[in-house]
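Asker: Would you mind keeping the following structure in view while I ask a few things?
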Amino acid sequence: MSKKAEQGQATRRELIDIATRLFVAHGYQGTSIDAVLREAGISRGALYHHFADKAALFEAVLDRVEADVAERVAKAASEVDDPVEALRAGSRAWLRLARDPAVRQIALVDAPSVVGWEKWREIDERYAFGLLKGALGAVAARGRVRKELVDVLAHMLLAALAEVALVIARAKDARAAVRTCQAAVDELLDGLFGPVA
């Protein structure tokens, strides 16, 4: 990779880092391109070389947040051998992450209105749906769910987990909400697959 390309990628990463901090602190509406430019110390043209507008910058931030969430959820799930318990561990990790300020503000509060519901779902599915589908495929391989239901169940669980995360994100007492929501998800998973023997 050329030096110029490396510098361009470094600038892009820095812009995403700065925008992430500002979007978390002030929300999408409360963050201006001028604030990003001031903190980055670059020209408007340099920013627009990387991002067409503020919405495109936000989408890059959202993509990074979603990728980080997927990595952390996958790590939690990978520490468990039983596929249903791995699904449970990944779900619990996701619910705890719903309290994280970046996840809450960027992925749960601002994303639906900024990028639109369809794009938000597309980005969420790129990361979370793949994880859920893989986990449910492992459950099916053990004979605990029919293989032909994996795709539909992945969509159902994705929707349920997204809604429960919104409950946590909006809760006045997020810790209590996490406990309640984890209990509800456990009940749901037990209902689908039965408790671990």
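Coordinate-derived values only; no laboratory data. Please read these numbers as outputs of a predicted model, since none were measured by experiment. Neighbour counts run over all protein chains shown; Cβ positions are idealised from the backbone, glycine included.
Asker: What ranking of 20, 11 emerges when the number of other C-beta atoms within 10 Å of each C-beta is taken as an exposure proxy, fewest first?
Answerer: 11, 20
Asker: If you don't mind, there's one more thing I want to ask. I need the fraction of alpha carbon pairs in the stretch 121-197 separated by more than 21 Å, rounded to a whole percent.
Answerer: 34 percent
Asker: What is the order of 106, 42, fewest Cβ neighbours within 10 Å to most? Please list the in-between numbers first.
Answerer: Values: 106 24, 42 17.
Listed from fewest to most nearby Cβ atoms, that is 42, 106.
Asker: Also, I was wondering about something else. Restricting to DSSP H runs of at least four residues, report the calculated mean residue ellipticity at 222 nm for the chain, -39500 (n - 2.57) per run over all residues, nearest 500 deg cm²/dmol.
Answerer: Mean residue ellipticity at 222 nm (helix-derived): -23500 deg cm²/dmol.
Asker: Rounded to the nearest 20 Debye, what is the dipole magnitude of the chain about its Cα centre when Lys and Arg each give +1 and Asp and Glu each give -1 at the C-beta?
Answerer: The calculation lands at about 300 debye.
Asker: In the stretch 155-197, if the dipole is taken from +1 on Lys/Arg beta carbons and -1 on Asp/Glu beta carbons about the Cα centre, which of 159, 176, 191 is farthest to the positive end?
Answerer: 176
Asker: Need the list of lysines near residue 119 for cross-linking: C-alpha distance under 23 angstrom, and skip anything on the same chain fewer than eight residues off.
Answerer: 54, 133
Asker: Also: If you plug each phi of the stretch 146-154 into the Karplus form 6.51 cos²θ - 1.76 cosθ + 1.60 with θ = phi - 60°, what whole-Hz ³J(HN,Hα) values come out, in order, with x for Gly and Pro?
Answerer: Per-residue couplings from phi come out as 5, 4, 6, 9, 4, 5, 5, 5, 4 Hz.
Asker: Also, I was wondering about something else. What is the fewest-to-most order of 173, 190, 81, 68 by other Cβ atoms lying within 10 Å of their Cβ?
Answerer: The order, fewest Cβ neighbours first, is 81, 173, 190, 68.
Asker: Right, next: Which value, in Å³ per residue, describes the convex hull spanned by the Cα atoms of the chain?
Answerer: Details: hull volume 26.2 nm³, N = 197.
Spelled out: Cα convex hull of the chain, divided by residues, is 133 Å³.
Asker: Still on this structure, please answer the following. What aspartates and glutamates does residue 147 reach when the alpha-carbon gap must be under 19 Å and sequence neighbours fewer than 8 apart in one chain are set aside?
Answerer: Once the sequence-local aspartates and glutamates are set aside, what remains near residue 147 is 82, 85, 190.
Asker: Relative contact order of the chain: what whole-number percent is it, with Cα pairs under 8 angstrom and at least 6 residues apart? Provide the component values of the computation, followed by the final result.
Answerer: Values: 170 pairs, mean separation 41.2, N = 197.
Relative CO of the chain lands at 21 percent.
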